[in-house]
Structure formats: C-alpha cells, structure tokens
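These notes concern the structure reproduced below.
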Number of protein chains: 2
Amino acid sequence: MTVDMAVLEANIRRMAGLVGATGARLRPHIKTHKTPEIAHMQLRNGSAGLTVAKLGEAEVMADAGFDDIFIANELVGPTKLRRLVGLSRRISVRSCVDSIAGASMLSEAAVAHELMFEVLLDINTGLDRTGVAPKEARGFARSISALPGIRLVGVFSYAGYRPATPSPEERERWARREAETAVRVADELRRDGVHVSEISVAGTATAPFAATVPGVTEVRPGTYVFNDIGYARLGLCDPSQCALTIKTTVVSRPSRDRAVIDAGSKVLALDKRVVCGREPGYGFIKQWPAARIEALWEEHGVIRVTADGPGPGVGDVLDVIPNHVCPTVNLADRWYGIKAGVVDGEFTILGRGKSR
Amino acid sequence: MTVDMAVLEANIRRMAGLVGATGARLRPHIKTHKTPEIAHMQLRNGSAGLTVAKLGEAEVMADAGFDDIFIANELVGPTKLRRLVGLSRRISVRSCVDSIAGASMLSEAAVAHELMFEVLLDINTGLDRTGVAPKEARGFARSISALPGIRLVGVFSYAGYRPATPSPEERERWARREAETAVRVADELRRDGVHVSEISVAGTATAPFAATVPGVTEVRPGTYVFNDIGYARLGLCDPSQCALTIKTTVVSRPSRDRAVIDAGSKVLALDKRVVCGREPGYGFIKQWPAARIEALWEEHGVIRVTADGPGPGVGDVLDVIPNHVCPTVNLADRWYGIKAGVVDGEFTILGRGKSR
C-alpha cells in the first residue's frame with residue numbers, strides 16, 4: 001500500500017483552506033488513515049483537535065500526543081466506561097449520547113470517579129443509524145439534564161452523502177439540510193437553557209458546504225486525506241487526487257479475457273459502492289482503466305479484461321485505487337510514502353483494528 | 001472475538017475422523033484461523049502438513065515450527081521469489097503454477113540459488129479463478145518440463161461450493177466432479193512420464209466426499225475449525241457447531257424497530273453470501289434469531305428488530321456468528337478461548353494481514 005505524499009499534502013491543504021475560509025473549525029476524522037503522523041500533518045494545517053470513531057483509536061492518538069479528541073460515537077458498557085475514565089484523566093475527550101440508558105451509564109461512571117463527562121447529543125438527520133429524532137431532542141435533553149456527572153455541550157450529526165445522481169448543487173442541498181437541522185435543534189436547546197457550544201456536523205463530501213452554515217462550529221471530514229474511487233465517482237475529486245494505491249501483481253492469466261491479481265478481499269475490502277466508468281467493480285486499475293475487477297476472493301482478484309489491448313501479463317505490477325479507502329487501510333499494518341516516485345518512509349497504522 | 005474451545009476441538013476431531021477413514025491425507029488450510037496454536041491442534045489430530053494461501057502465512061507458520069507447507073497459490077515476482085528461496089532453505093514448501101511465465105520465473109530463481117522448487121499444476125475445475133483448463137494440462141506440463149530447477153509433483157484444484165439449493169447429494173456430486181477431473185488430468189500426465197505424486201483437492205464443503213475418490217492424495221479444508229452461518233446455511237453444520245462468535249454491545253436503540261451495535265464492517269466484514277432464515281443479513285444474532293443485521297457501517301451494525309419481543313436494549317451484549325468467518329478473523333488481532341463458559345486463554349492471530 002503506497003501513498004503519494006505530494007497528493008496527500010495537497011488534499012490536506014485543500015480541505016484546510018476550504019474550511020478555514022468559513023466560520024467553522026476543522027476537526028478531521030482519523031478513522032480513514034489511523035496514522036498519527038497524518039494526524040500531526042492535519043494539526044499543522046490548522047485542525048482544531050481530532051475526531052475518532054472508537055475509544056481504541058482515541059487511546060492510540062492520546063499516546064501519540066493529541067489532547068483534544070471527540071469520539072463520534074456512543075460509549076456503552078462497563079469496559080468502555082472504565083477506559084473512558086482513564087482517558088478523561090489524560091486528555092480532553094467528548095463523546096455522544098442518544099439514549100437515557102446510555103446517558104445514565106455515563107453519569108454513574110462519572111459520579112463514581114468524580115469526573116464530569118462532556119457529551120454531544122446525537123441527532124438523526126436522515127441516515128437512520130444512531131441519533132434521536134430532531135423533534136424529540138428537546139424532550140431527551142430535558143430528561144438527561146438532571147443526571148449528575150454529564151454535561152450536554154453540543155449537537156452532533158452525520159448524514160453521510162450518497163445520492164444516485166450527484167451534482168455540486170445536490171451536495172450543497174444535502175449538506176445544508178443536515179447543518180441547518182443541527183443548528184435548529186441547538187437553538188431549541190438553548191431556549192431551554194442548555195449551554196450548547198458545539199454544533200458538529202458533516203463529512204468529506206459535505207464539510208465545505210456545511211461549514212458555511214451560520215451556527216455550525218466544526219466539521220469532521222475524514223476520507224479527503226486519501227480520497228478513493230468512490231469519492232471520485234461522486235465528483236469529489238479527480239482520480240489523480242487519490243493518494244493511496246494498492247500495488248498488486250498479476251499472478252495468473254488463465255484466459256484471454258481473465259487476469260488474476262494477488263489482492264483479494266483481505267487487501268481491498270468488499271465495499272462495492274462505486275461504478276468505475278459504467279461497470280461496477282472492486283477498484284480502479286490505473287494502468288488498465290477499461291479493465292474491471294469483477295470478483296474478489298480472499299486472496300485473489302479476478303479481472304475481466306475488455307477491448308483495449310491484450311491486458312496485463314503475468315508478473316505485471318498494477319496500481320489499484322480502492323473503492324472505499326477507509327476499510328482498505330484498516331486491513332493493512334503499514335503503508336509506504338512515495339516522494340518523487342521513490343519510497344520515502346514507512347508508516348505504521350497504529351489505529352488499525354482498534355474497533356473496541 | 002471468542003472461540004468455544006470445546007466446539008473448536010470437536011470440529012477438528014470430526015473432520016480428522018471423516019478424512020482419516022478415507023485413503024487421502026488431511027492438509028488443513030490455515031487461512032481461516034491464522035493461529036499457530038490451532039495449527040498445532042490440527043497436527044496433533046492427524047494432519048499431514050499445512051496449507052496456506054500466502055507466503056506471509058507460510059513464514060509465520062515456519063516460525064511456529066511447521067516444516068511441511070503447501071502454498072496453494074501462484075508465486076510471481078522478484079520479492080516473492082526471494083522470500084521463497086529463503087523459506088525453501090528452512091522447510092519443505094511447495095507452490096502452484098498455471099502459466100509459462102510464472103513457471104519460468106520460478107525456474108530462474110531456483111537455478112540462480114541452486115535449488116529445486118516442487119510445484120503442483122493448478123487446474124481450473126469450474127471456479128474460473130486461476131488454473132489451466134484440464135484439456136490444456138498435458139500441453140502445459142510438456143512446455144514446462146524442460147525448465148530446470150522446478151519439478152512438477154502434483155495436480156492442484158479448488159472448485160469451491162455454492163449451489164443455490166444445497167443437498168448432501170448435490171455436494172457429493174460437486175466434490176466428485178472436482179476430484180475426478182484432477183485424477184483424470186494426473187493420469188494423463190503420468191502417461192506422459194510425469195511423476196505425479198500429489199492430487200490435492202477440495203475445501204471444507206467437499207473434502208469428506210472428495211477424499212473418498214480413488215487417487216486423491218490430500219484434501220485441504222479450512223473453515224471447518226470455526227464454521228460460520230454461511231456454512232450452516234449450506235447444511236454443513238448446525239449453528240451450535242459454530243465455534244467463533246463476535247461479542248458486541250447495543251449502543252443505541254433509536255426506534256422501536258432499530259437497534260445499533262458497536263460492530264460494523266471493520267469487525268464483521270462485508271461478506272453477504274448468506275441468508276439467515278429467509279432474509280439476508282450480515283450475521284446471525286444468537287440471542288435474537290429473528291432480528292436481522294441489515295446494514296453495516298464501518299463501526300456500526302444496524303439491526304432490524306422484528307416481531308418476537310421488544311428486541312435488545314442499550315447495554316445488552318449480543319453474540320453474533322459471522323457470515324464468513326475467514327475475513328472476519330483477519331480483521332482482529334486476537335481471540336479469546338472460552339472453556340466451560342469462562343475465558344481461558346488469549347490467542348494472537350499471528351498470520352493476520354499477511355497477504356503478501
């Protein structure tokens with residue numbers, strides 16, 4: 001797995017510039033790269049703290065010197081609460097709530113350890129994953145306001161972005177809808193006397209637009225550091241702005257129209273959210289844009305070779321841009337940085353597999 | 001991730017018994033567990049050597065003391081050949097060929113290092129992945145017979161098994177077709193003077209049947225150690241014979257029919273080859289058999305809660321049997337052994353991520 005360092009740096013600077021021009025702060029999500037060195041690059045380019053998906057990722061980043069981390073997830077159960085107590089004594093950390101049961105657990109742990117946990121209220125802005133319905137936010141906030149040891153300091157939302165026919169206008173509408181809902185809920189909570197200082201919304205696709213909505217205090221893009229063919233298909237980047245590629249070798253050429261590479265689902269992940277050109281596939285082959293990775297076995301990728309030329313031969317090394325870069329990175333232990341065409345640095349993905 | 005040690009041991013003994021009653025040897029595939037301790041259990045139960053998918057797995061198992069390893073894959077390119085040279089000097093190792101180009105590379109590396117690489121001829125018995133067509137096997141063997149430094153010692157095949165309507169009869173037919181094709185090709189090669197000592201076929205679904213076909217010398221089941229809901233669906237096991245479960249916590253209960261767990265595609269993998277009951281899903285929840293994991297985000301699993309009862313609540317710990325256990329194991333760094341209901345041992349998945 002290689003990363004073009006010049007592309008990586010340009011991607012980091014571009015997002016920093018877009019968000020920096022607005023009233024909101026940039027709190028990048030590190031679930032994409034899980035690599036402390038990249039988080040430091042983001043911080044040097046104007047990020048205000050980090051976002052993580054899991055406690056395990058927060059612990060890795062705290063060990064790497066980061067002291068302001070938002071865990072964009074609900075933390076439930078005795079093991080996680082014990083770890084949250086430990087982490088809270090080292091750094092500034094916030095998490096999310098969307099249930100009375102979850103909030104009560106946080107409250108009890110905080111009281112038992114004489115701590116105050118700051119939390120953001122997770123609202124569902126259309127993804128139908130976690131989050132209370134916006135119209136129930138006031139009632140929910142009232143219910144948990146009496147709990148000792150936790151302090152509601154903000155509103156959290158992630159609506160994703162995956163329309164069938166993407167356009168900049170559609171993306172902006174999507175981004176504004178999420179951000180405006182969060183701002184409206186925050187205003188309602190404020191009228192009830194809750195001191196809501198954070199309105200945290202959006203990801204890579206929507207952050208530049210959401211950040212312009214008045215009231216939004218921070219956005220959390222993650223994938224932009226590497227980009228991927230899924231995002232290129234959404235018009236978010238050009239394939240040349242995809243920093244990460246998988247180097248794979250053709251190990252078999254059993255028929256005229258079939259080539260087999262040594263990268264399967266244990267290297268590329270099975271995410272199939274993308275259409276490369278017109279045909280769906282499991283990634284984009286730089287050297288053979290018309291070829292399609294039509295099947296992924298655990299350790300084999302089967303390429304359907306189409307019209308243009310004889311296709312790759314046994315021994316050829318191909319560069320594949322993954323469909324979805326986040327789970328792909330999570331399969332590897334390290335990546336190699338490329339500068340001016342040569343390997344210049346090996347990086348350990350310290351947050352890999354930290355899903356607990 | 002927990003493994004019921006009693007179920008694991010019973011699975012290992014059952015397959016050893018089934019294959020031991022035939023004329024073929026058992027060379028289990030370790031790609032499922034990637035854990036040396038389990039490979040040692042398999043060896044103690046009558047396995048003759050190990051099968052691996054990748055050089056990296058072979059290196060891990062050689063470090064763990066195994067000295068007879070078959071790499072069921074084509075090894076192509078200078079880096080892999082350099083590593084194969086090193087491994088060949090430590091242990092007995094064989095790999096596959098299915099192209100003149102690949103065989104020539106092996107030959108050149110062998111000559112350069114004064115080694116003899118033993119290889120099996122990979123034939124395509126219907127999977128359309130790697131492998132030469134059976135009718136081209138004689139011509140291919142003749143073409144590579146003149147190459148110095150490599151010795152063709154066997155025939156290799158893997159046809160998989162995934163019919164729409166499984167039955168023991170259908171499975172036996174599938175297994176026999178693969179095995180008989182391999183035996184026929186081997187006989188043709190023998191008539192041409194090639195000393196074919198190995199006929200290596202089949203996986204978990206087909207091994208017990210294939211092993212009874214006269215001429216077959218070894219079978220390579222892998223998944224049987226853990227089993228999974230995909231295999232239960234194929235009638236290969238009962239859910240109670242699935243040794244590995246993912247422990248996950250309900251972190252959100254945002255609506256009456258939706259519960260969210262803290263296991264997503266970075267824990268369970270995206271393989272969707274299974275139908276749990278009638279509806280497809282991303283795994284089987286032991287405590288709520290009628291509930292369906294209908295979506296996997298990177299770190300969230302969204303459960304559709306159906307009729308029977310209120311469904312799981314925030315804080316509940318659920319046991320999920322994965323759809324496909326092999327890529328699921330490959331996402332984790334370790335697993336915990338359970339004996340008589342309590343944790344008894346922590347095991348490191350040393351072969352995890354060794355896809356090179």
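The values are calculated or read from the model by the stated rules, or taken from the named source; none is laboratory data. Model, not experiment: these values are computed from the prediction. All Cβ positions, even for glycine, are placed from backbone atoms using ideal geometry, and neighbour counts span all protein chains on display.
Points worth noting:
- Being on the phi > 0 side of the Ramachandran plot and assigned by the TED database to the domain that holds B:Thr217 holds for only one residue in B:Gly86, B:Gly126, B:Gly102, and it is B:Gly126.
- Scanning the range B:151-167 for residues that are among the polar types (S, T, N, Q) and under 20 Å from the mean Cα position of the chain (by Cα) turns up just one, B:Ser157.
- Any hit, the range A:57-71, residues being modelled with pLDDT under 95 and either touching a Lys or Arg at 6+ places or on another chain (Cβ under 9 Å) or in a helix (DSSP H, G or I) (or both): no
- B:Ser95 vs. criteria within 14 Å of chain A (Cβ to nearest Cβ) and not in a helix (DSSP H, G or I): yes
- Identity of the residue in the range A:277-290, part of a loop (DSSP other than H, G, I, E, B) and modelled with pLDDT under 90, that ends up surrounded by the most Cβ atoms within 10 Å (Cβ to Cβ): A:Gly281
- Scanning the range A:265-276 for residues that are surrounded by 18 or more Cβ atoms within 10 Å (Cβ to Cβ) and either more than 25 Å from the chain's Cα centre (by Cα) or within 14 Å of chain B (Cβ to nearest Cβ) (or both) yields a total of 8.
- One residue from B:Glu118, B:Glu114, B:Glu108 being more than 10 Å from every other protein chain (Cβ to nearest Cβ), assigned to a strand (DSSP E or B), more than 20 Å from the chain's Cα centre (by Cα) and of a type outside the set (Phe, Trp, Tyr): B:Glu118
- For the condition surrounded by 24 or more Cβ atoms within 10 Å (Cβ to Cβ), more than 14 Å from chain B (Cβ to nearest Cβ), farther than 18 Å from A:Met5 by Cβ and in contact with a helix residue (DSSP H, G or I) (Cβ under 9 Å, 6 or more places away or on another chain), A:Ala62 does not qualify.
- Subset of the range A:201-243 that is touching a Ser or Thr at 6+ places or on another chain (Cβ under 7 Å) and assigned to a strand (DSSP E or B) - its residue that is farthest from A:Ala175 (Cα to Cα): A:Glu218
- Of all residues in the range B:65-98 being among the charged types (D, E, K, R) and closer than 22 Å to A:Val250 by Cβ, the one that is surrounded by the fewest Cβ atoms within 10 Å (Cβ to Cβ): B:Arg82
- Residues that are among the hydrophobic types (A, V, I, L, M, F, W, C), loosely packed, with under 15 Cβ neighbours inside 10 Å and either in contact with a Phe, Trp or Tyr (Cβ under 7 Å, 6 or more places away or on another chain) or in contact (Cβ under 8 Å) with a residue 12 or more places away in the chain (or both), drawn from the range A:113-166: A:Met116
- Looking across the range B:111-142 at every residue that is of a type in the set (S, T, N, Q) and out of contact with any helix residue (DSSP H, G or I) (no Cβ under 7 Å at 6 or more places or on another chain), the one that is farthest from B:Arg83 (Cα to Cα) is identified as B:Asn124.
- Subset of the range A:296-322 [touching a Ser or Thr at 6+ places or on another chain (Cβ under 8 Å) and either free of Cβ contacts under 8 Å to residues at least 40 places away in the same chain or not in a strand (DSSP E or B) (or both)]: A:Leu296, A:Trp297, A:Glu298, A:Glu299, A:His300, A:Val314, A:Gly315, A:Asp316, A:Pro322
- Number of the condition not met by B:Asp262 [criteria: (1) modelled with pLDDT of 95 or more; (2) surrounded by fewer than 21 Cβ atoms within 10 Å (Cβ to Cβ)]: (2)
- The lone criterion from (1) within 26 Å of A:Thr79 (Cα to Cα); (2) assigned to a loop (DSSP other than H, G, I, E, B) left unmet by B:Ile293 is number (2).
- Selection of the range B:139-176 for residues being part of a helix (DSSP H, G or I) and either outside the structural domain of B:Ala211 (by the TED database) or over 27 Å from B:Ala103 (Cα atoms) (or both) yields B:Pro168, B:Glu169, B:Glu170, B:Arg171, B:Glu172, B:Arg173, B:Trp174, B:Ala175, B:Arg176.
- In the range B:323-356, residue nearest to the other protein chains (Cβ to nearest Cβ) [restricted to those that are at positive phi and in a loop (DSSP other than H, G, I, E, B)]: B:Gly353
- Residues in the range A:198-222 that are hydroxyl-bearing (Ser, Thr, Tyr), over 18 Å from A:Gly131 (Cβ atoms) and buried (at least 23 other Cβ atoms within 10 Å of the Cβ): A:Thr204 alone.
- Test: residue in the range A:231-251 that is within 14 Å of chain B (Cβ to nearest Cβ), in contact (Cβ under 8 Å) with a residue 60 or more places away in the chain and of a type in the set (Gly, Ala, Ser): no
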